[in-house]
1. Going through the range 219-238 one residue at a time, which ones are closer than 17 Å to G190 by Cβ and either outside any strand (DSSP E or B) or touching a Gly at 6+ places or on another chain (Cβ under 9 Å) (or both)?
2. Residues R371, R326: which one is surrounded by 14 or more Cβ atoms within 10 Å (Cβ to Cβ), over 22 Å from P167 (Cβ atoms) and among the basic types (K, R)?
3. Taking the range 323-345 as the region of interest, how many residues are in a strand (DSSP E or B), farther than 22 Å from E76 by Cβ and not aromatic (F, W, Y)?
4. Just for the range 178-222: of the residues that are touching a residue at least 24 places away in the same chain (Cβ under 8 Å) and touching a Lys or Arg at 6+ places or on another chain (Cβ under 9 Å), which one is surrounded by the fewest Cβ atoms within 10 Å (Cβ to Cβ)?
5. Taking the options L164, L184, name whichever one is over 24 Å from P117 (Cβ atoms), not β-branched (V, I, T) and not assigned by TED's automatic domain parsing to the domain that holds Q224.
6. For the range 292-305, does any single residue satisfy the condition of being touching a Ser or Thr at 6+ places or on another chain (Cβ under 9 Å), of a type in the set (S, T, N, Q) and either modelled with pLDDT of 95 or more or more than 21 Å from E170 (Cα to Cα) (or both)?
7. Taking the range 236-245 only, how many residues are at pLDDT 90 or above and buried (at least 16 other Cβ atoms within 10 Å of the Cβ)?
8. List the pairs whose first member sits in the range 98-117 and is within 16 Å of D37 (Cβ to Cβ), whose second member is of a type in the set (S, T, Y) and at pLDDT 95 or above, and whose Cβ atoms are under 7 Å apart, counting only residues at least 6 apart or on separate chains?
Amino acid sequence: MTAQTTPATRAWDDAVRRATAVANSERPGGMDEDCWDDVAIRDIIATVLYALHLRTGTETDTVPWSSVLWWLHDDERVISLVEDTVPGAAQALTETTAGTGDAVLDRWRWLNRTWDPDAPVRRRNRASSAGGTLRQSGHELFGSRVAVAEPRWDGMSRGIAGGLPDPALEVCTHWAAGAVASVLSAECRGFAIYQRVHVVAGDFTGRRGYVQDLGWIVDDEEQQLTGPAGYIVDLDGTEGSTPIDAEDLEAARDDRWARRLAGTLKDGPPPGWGAPLPPSPSCGEDLEELLGRAGNPDAVPEELRQSIRDAHSHHHLDLRRLASPRPHRATAQLLLHWYQLSDRYVDGPDGRAELWEVVLTEHLRDEEPTRLLATNEQAAKALAEQHTGLPL
């Protein structure tokens, strides 16, 4: 039996084929192999299907979507499933070679890799943009070996979170869950996202609207989701959305959108819409906020603090984001806060005071990042590298 015809290879190919069908159903015209978003969503679903095949002994084609959707709750649950089930998955993330030679492990590495949002954009099979990080190997060009710029996102186009360096597994798992939820709802004869519905019972009887989201019964013991048990519905003439039980809805026969003036809300502007904006905080108040959330406020000397308090206005720039992959996961974000010292900006060191902030996280949705301050760019980059190993 050759490597191309092993049961493991066939099972993975079946998982990719089945996941591709899901991605095709979600995208007008089908999935695009040159689109980072589509490939990420498809490969997350395929990896979960394959891992459940190994875990349960069920053929890949018969793994129930209700189980897949339970595991797609978040990327941490996916990591637990894959690295506890697929041999070598955790170890593959520490490999320094370009590939493992195993299609499943190579895909797992790709889903966990991080990206440089500032790298040049290049579509596959097209000439590279100038600048950026250079490949070590280079390519043969007119008989000589020339280094070319590393393409951003493997040369794919990208629409989801294109400015973030975080792994596809963190960015796209909930997108993959949404695609599987649509398939499972169709299997259960439920309503689809954006489908027009009519309320036939309950407090909103007679109203019509559009499905915004699906609600499921969660069975953690059996590790599956069943339903849909209800829907989040955008009712005509009502601001916001409303949860409604599945048995209180039926498909509406009108397929039109509710009529409303272009650019208007359904019930007009919300209260306070035209109220004046609150006053901007003073530079002193802004400084106190920065010092209060920083882990090293003593890094800012009193002389600089006083210059900032007396400044005319505060500006800030998000300069750089880089991420390191698992198993040493970290993201460093570099921000420059600069304070205009007079009412008219004067170029040069006498016209501004600078305070640098480094935001360190271990996950895309980390709600408690570590924040550190520095008084110059060199010190800020040193802090980022010290805590993440990332050269900024």
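The values are calculated or read from the model by the stated rules, or taken from the named source; none is laboratory data. Every value quoted in this text rests on a predicted model; they were computed, and no experiment measured them. Cβ placement follows ideal geometry from the backbone for every residue including glycine, while neighbour counts extend to all protein chains displayed.
1. The answer is G227, P228, A229, G230, Y231, I232, V233, D234.
2. Numbers: R326 fails: over 22 Å from P167 (Cβ atoms).
Only one candidate passes the filter, namely R371.
3. So the answer is 5.
4. Residue satisfying both the conditions and the ranking: H198.
5. Working: L164 fails: over 24 Å from P117 (Cβ atoms).
Unique residue meeting the criteria: L184.
6. Looking for residues that are touching a Ser or Thr at 6+ places or on another chain (Cβ under 9 Å), of a type in the set (S, T, N, Q) and either modelled with pLDDT of 95 or more or more than 21 Å from E170 (Cα to Cα) (or both), one finds none in the range 292-305, hence no.
7. Going through the range 236-245, the residues at pLDDT 90 or above turn out to be 242-245.
Adding the requirement that they be buried (at least 16 other Cβ atoms within 10 Å of the Cβ) leaves 242, 244.
So the count comes out to 2.
8. R107/T47; L111/T47
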